[in-house]
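Take a look at the structure below.
The values are calculated or read from the model by the stated rules, or taken from the named source; none is laboratory data. No experiment lies behind these values; they were computed from the predicted model shown. In this analysis, Cβ positions are derived from the backbone assuming ideal geometry, glycine residues included, and neighbour counts consider all displayed protein chains. Areas reflect the complete protein model, heavy atoms only, side chains present, ligands, DNA and RNA absent. Shrake-Rupley method; radii C 1.70, N 1.55, O 1.52, S 1.80 Å.
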Amino acid sequence: MLKGKTYIKASTAEQALSLARENNGRVRYFAGGTDVMVNRFQGNDLADLLIDISEIQALKEVFASDETLAIGSLISLDDLAGHSTVCDHFPVLAEAVKSVASPTIRKTATLGGNLLCGNRCSYFNQSEWWREASGYCLKSSGPVCLASGGSKHCFAKFVSDMAIVLISLNACVELLDFSGTSIKPLESIYTGDGMAPRGISPESIIKAIRIPLNHHISSVYKKLRKRATLDFTSLTTAVSVKKAGSIRIVLGGVHAKPVIVDGKAGDDLKALAAAAVSQSRIVDNDTYSRKYRKDMIIVFLERSFKELQLG
Amino acid sequence: MQQINISINGKQFHLLATEHETLAHLIREKAGLTGTKIGCEEGSCGACTVLVDGKAVLSCITPALRCDGSEVTTIEALAKDGKLHRLQELFVEKGAIQCGFCTPGMVLTALSLAPALIRETDSSALIRKVKEGLSGNLCRCTGYKKIIEAVAGYVKEISATTVSKSSPFKPAHAIKGGVGIPRPYLEAEKKVRGAAEYADDIVLKNSLHCKFLRSIHSHARIEHIDVSEAMIMQGVHYIATGREIPGKFGVLPISQDETAIAVEKVRYAGEIVAAVAADTEEIAAEACRLIRVKYKPIREFLTIEDSLNDAGENERIHETGKFNNNIHKKAELRFGDQQQGIKEAEFTSKMSFEFEGLSHGFTEPHAATAYWDENGLTIITATQVPHYLHRALAKVMEVPLSRVRVIKPYLGGGFGGKSDPFPHEIIVSHLSRKTGRPVRVRLSREEVFLTNHGRHPSKMTVEMGISGEGTIKVLDADVAIDGGAYGSFGVVTSYYNGVLLQAPYKLDNFGFRTYRVYTNKPQCGAMRGHGAVNSRFAVESLIDDLAIKIAMDPCELRMKNFLDSNTLTVGQYRITSNGSRESLQKVMDLSGWKDRRGKLEKGRGLGVACGFFISGSALPIIWNELPQSVVHLKLDFDGRVLVTSGSSDIGQGSDTMLAIIVSEVLGIGMDKIFVLAADTLLTPVDFGSYSSRVTFMAGNAAKDAALILKKEITEALVIKHNINPGELNFSDDRIYSNDTTTNLSWMEAVEILTAKRGAVSVSGKYISPKLGGDFKGAGAGLSPSYSFGACIAEVEVDMETGYVKVTDVWGAHDCGKALNPLAVEGQLEGSWHMGTGQAISEQMKYYKGLLLNNNFLEYKIPTSVDTPDIHASIIETIDPEGPFGAKEAGEGAIHPVIPAIANAIFNATGVRITSLPVSAEDILAKMKENHLAE
């Protein structure tokens, strides 16, 4: 067991995992760190043991087989956007990447880090002083949610834009944890509880993201934010249509997890959009109001349907 | 602690780094390279950008230990063999550097961006990609335009297959000519090298670090403070509480209502309750956590309405004022006969407006170091007004004025936000006195927001009436502003909201009433365009509405009503030069107003507005008979003229302006001029950088001094050469008679002057003429000259989401005479950038007295991709009293841009904007209402 503040670089995923095992899972993995470092500065992340996994070369590669595109989780967002194999198969991924953070942050931030980026709320992403002065929100171990004015459930918003588009593409994650390697749908790692938004153990490492190929998918991606750069999402939508006819709508920024609505060609599009709205759980924890974000779901989806020439 | 081996700028460092230390901290504090700046500590501003193994990273969110074995490049490495990198040269040449605080990060980001853009041959695509590439680096001064030009220019140069012969780089001092020649700031090269030292870059030996414990309550009595546990912590040297420095201060003599540390009660969440001086920042911060404070919360007042009302049984925020409410200041003035005006008006428009508070958003956080020695107190601090701080420190520290020295180093932007004396400046002075060691402090970005002094949240109802022909008959304004917990400049702000409506249009019947209230929030103060930005917005919106009512082009309506030159306003402001008409005509021509307005595609719109502003307040804040500004010149045997001035260059280029004026008068190159400014020991009193006064007042003092020196030289030459003084010319480093029988180099003339006399020192000054009427309140807004201007904005509104994109701003500003056109353009572009922010994205959002968006991620300053294309025009009217005809250019330009954007939104959507920032949601809702009404 390591004591006190420690920083270790791991050179393989297995080494990172064994460090986690030796320390009973009390570790904070750390890839680009663009999210973690800010949380630490604000006192929202107090983990003593930082394991820097950003130099694990094996997790930065991209492989395409006949059926699957596997993207290493530690590829930087910038490299991902410029990767010809990825862009050839899924131009929407490059489009989504370019909407994340700022160009400089994207040089450091990783795909895996984005998928595991902390859920955000105006009442939580604050300094320790601020949270104390506000009386601590639910996510900061306070009695109730301040954003909703008293709820016992935390809806800190889900802000990974990459997850939204990847889920629309039916992506899976390859996870390494104490029990070995497993592959599961990306959406399955998100709980919907803003307090503990990810249902994976702390030692888990996402090794790769696997996207099925040959579905001839067309996708449309949209993001709502005040400025055309830098800002976290107020609403992200991705709509993907397979040639075979299935439609997948995924929303970010409007719930503690991605909102997913599956449909198929010929479905009533208005009903699909309405289903997406009704599944969202928006609270006033953002620069845009709850009502506006809700209204924009419909606008964004209708535009997406139009661009995809559905209906 | 771990040892790391890190190469920084090619030099190997073996440094001990703590486990969770940031690279920015290591570079600045351990490698001692302070060119890397810290602006936000959260990866949101880009000031800390460095290259690690060639890749741009944000060093404030990069762990130092990650960089073990890496090669780090900071700004200091770019210049080689004493020569700037070409990209740095272009930053200098294009005027891309104002305060210079964002510059190191911006340059390194651009450098890492450039290679990928080489293939881009299409010019507009290149500009777009440069904007995108720089979009993580905030600049608050330039509006990005000149930065983008520099970077795009660099990419074009490195892309060129044939080497085109660009003229060799000339440092600012080598550019010939004086007034009217565009030139970079004299210190631009130093800034672009990362060598200019800002307050936090100056580290004195044995300095202690200061951190603050801040109140968690908005309004509470302090019952008990227990520092015992904190005091015994190793490394803690002193803990100060409010009773030790109870002296009250405030920038205005009439609002001395603040103490450095709260005494007995706190009036806003974030107010300083205790201050620790310790060996390190970490120890000081940890000690703050160990201080126990017992508060008794009392009822808080958070809104204008709350504070206007009777406080009932509740304790007021300040126990001053005759009535049982929290009104700080009430001001009212009436001119002409408003009732008659209303009767005469055939069309009237009355609307209510609401404005959120704003932050200056300067990129450099407040920082200071104080120490005491045989000369008393010295403080090196990021301040716009050394003189008022000098007075405040003498008062609170209880020492004579002669024992206080205030030094302003390079300053990373101010915009009004560094113009009050601040608690942290007083506290480090006190801690240094108690510990006998220098004490330094740098505020976090959150603390900068808590310190505030930004634009007041405001509510107002304004009514205007016009005749059928479009002559303005009446204007009435009813204004309430939310001052926060203390006075600051608020009394002036109150007046300015009213009095600064009496131009640029001719008014006969005009009146206003304003209230400023105290609330339990961080205090508001002066911010660019002080006091009149919001009420100007209201008036320009009403004019737009009235133009529609009488079916007249809003430009024509404005043209009809402009005041003339050389006239008096209804409140007896003396208007001299006035370029309103030229400004408006210019933006109409450049924007294609006549041809394009009303013919744009759906969702696009054009809007117009005008404005004016003071060119320095004619009255001093602290009543005394000192001149507004004094400038000393010293000419010695080496031929160099030393200019000493108390004025503060805060990034707006005032040091360069002083040199230009002296150069023009004496006909000598800038290489013979050295400016030493803003050190209250060495430089004569100037009232500081606020109210857009520096060019006019310090400029006039410099001109006066230079003319006196010229006379001294002339007299010496007349005696020696027996010529008529009227025949001597000073030009091109020579002094010669009309017939050139006397023809001396500058050095020859200097030898004659200094023979048997030595160095010659002269003193010039500026005293404002007596101005204004004889009534209470007549002094507010009096200025020896006023600037005028106009803006036309074009917007694109998404009709389904309500999202507004400001695509273009055409602006024209009458600055009298552009002493340095490059600097004037920079001020204008920066103003229009900042105004765009207020219009579309910036606001301070509170939750129960706590600022929700206290960082650069959530306080939304427009980035390079959010800032419109700015088309700046300088209008010159040659003011009769300004130095060489110059007047202000730093603040007035922000006034017209905000209503121009709102009026453009109306033109695009039919929705009248009555609250700022513009809300997409409101636009949608109002479009729906309008649609239903049809």
Taking only protein heavy atoms and a 1.4 Å probe, the highest-to-lowest accessible-area order of B:His85, B:His219, B:His390 is B:His85, B:His390, B:His219
Placing one equal point scatterer on each C-alpha of segment A:1-132 and summing with Debye, one gets log10 I(q)/I(0) at q = 0.11, 0.12 Å⁻¹ equal to -0.46, -0.55
A 1.4 Å probe over the protein heavy atoms gives the protein assembly as shown a carbon and sulfur accessible-area percentage of 50 percent
Residue-normalised value, i.e. accessible area per residue, for segment B:565-660 at 1.4 Å probe, in Å², stands at 37 Å²
Karplus-derived 3J(HN,Hα) from phi for segment B:920-925 (6.51 cos²θ - 1.76 cosθ + 1.60, θ = phi - 60°), whole Hz, x at Gly and Pro, runs 4, 5, 5, 4, 4, 5
For B:Arg289, the accessible surface traced by a 1.4 Å probe with all protein chains present amounts, in square angstrom to the nearest 10, to 140 Å²
The answer for the per residue Cα convex hull volume of the protein assembly as shown, in Å³, is 185 Å³
Relative contact order of chain A (C-alpha contacts under 8 Å, at least 6 apart) in percent is 16 percent
Under the rule rounded for a/c under 1.5, else prolate if a/b exceeds b/c, else oblate, using alpha carbon gyration tensor axes a ≥ b ≥ c, segment A:165-254 is classed as oblate
Karplus-derived 3J(HN,Hα) from phi for segment A:251-258 (6.51 cos²θ - 1.76 cosθ + 1.60, θ = phi - 60°), whole Hz, x at Gly and Pro, runs 10, x, x, 10, 6, 7, 9, x
Given backbone amide H placed at 1.01 Å from N, residues whose amide H is under 5 Å from that of B:Cys815, ignoring those fewer than 5 places away on the same chain, are B:Ile875, B:Thr877
Amide H proximity to B:Leu213 below 5 Å, modelled H, separation 5+ or other chain, gives B:Val273, B:Ala274, B:Ala275, B:Val276
Sparse-neighbourhood loop hits (trypsin sites (Lys or Arg not before Pro), segment B:295-364; DSSP loop; Cβ within 10 Å at most 11 others) -> B:Lys322
Counting only protein heavy atoms and rolling a 1.4 Å probe, one gets per residue an accessible area for segment B:725-823 in Å² of 39 Å²
For segment B:307-448, the per residue accessible area (1.4 Å probe, Å²) is 37 Å²
Which of B:Lys156/B:Lys176; A:Lys223/B:Lys599; A:Lys139/B:Lys521; B:Lys711/B:Lys756; A:Lys107/B:Lys131 exceed 22 Å between C-alpha atoms? The answer is B:Lys156/B:Lys176; A:Lys223/B:Lys599; A:Lys139/B:Lys521
Taking the dipole of segment B:736-841 about the Cα centre (Lys, Arg +1; Asp, Glu -1; charges at Cβ), the one of B:Pro769, B:Ala823, B:Ala780 that reaches farthest to the positive side is B:Pro769
Taking only the Cα positions of segment A:106-262, the convex hull volume per residue in Å³ is 139 Å³
Reduced to Cα centres, the span from segment B:104-182 to segment B:549-610 in Å works out to 34 Å
Measure of exposure for B:Met552: accessible area at 1.4 Å probe, Å² rounded to 10, is 30 Å²
Under a 1.4 Å probe, counting only protein heavy atoms, A:Thr34 has an accessible area in Å², nearest 10, of 30 Å²
quick note, segment B:284-422, DSSP beta bridge pairs, % antiparallel (nearest 5) is 60 percent
Everything considered on the Cα gyration tensor (a ≥ b ≥ c; rounded for a/c under 1.5, else prolate if a/b is larger than b/c, else oblate), chain B must be described as rounded
Excluding residues fewer than 8 positions from B:Lys602 in its own chain, the aspartates and glutamates with Cα under 14 Å of it are B:Glu794, B:Glu796, B:Asp798, B:Glu800
Once accessible area is computed for B alone, A alone and the pair with a 1.4 Å probe, the total buried surface, to the nearest 100 Å², works out to 4600 Å²
When chain A is treated as a Gaussian network with springs between alpha carbons less than 10 Å apart, the largest mean-square fluctuation among A:Gly266, A:Gly180, A:Gly25 is found at A:Gly180
Judged on accessible area alone, 1.4 Å probe, highest first, B:Phe415, B:Phe856 line up as B:Phe415, B:Phe856
Note on segment B:477-611, DSSP bridge orientation, antiparallel percent to nearest 5 equals 35 percent
Taking segment B:262-380, the whole-percent share of alpha-carbon pairs separated by over 25 angstrom is 60 percent
With all protein chains present and a 1.4 Å probe, the order of B:Lys711, A:Lys242 from largest accessible area down is B:Lys711, A:Lys242
Once amide hydrogens are built 1.01 Å from N within the peptide plane, the residues lying 5 or more places from A:Asp52 or on another chain with amide H under 5 Å from its amide H are A:Ile8, A:Lys9, A:Ala10
Eigenvalues of the alpha-carbon gyration tensor of segment B:416-489, times 5 and square-rooted, give semi-axes in Å, largest first, of 46, 11, 10
For segment B:343-354, Karplus-derived ³J(HN,Hα) couplings (6.51, -1.76, 1.60; θ = phi - 60°; whole Hz; x for glycine and proline) come out as 4, 6, 6, 8, 10, 10, 9, 9, 9, 10, 10, 9
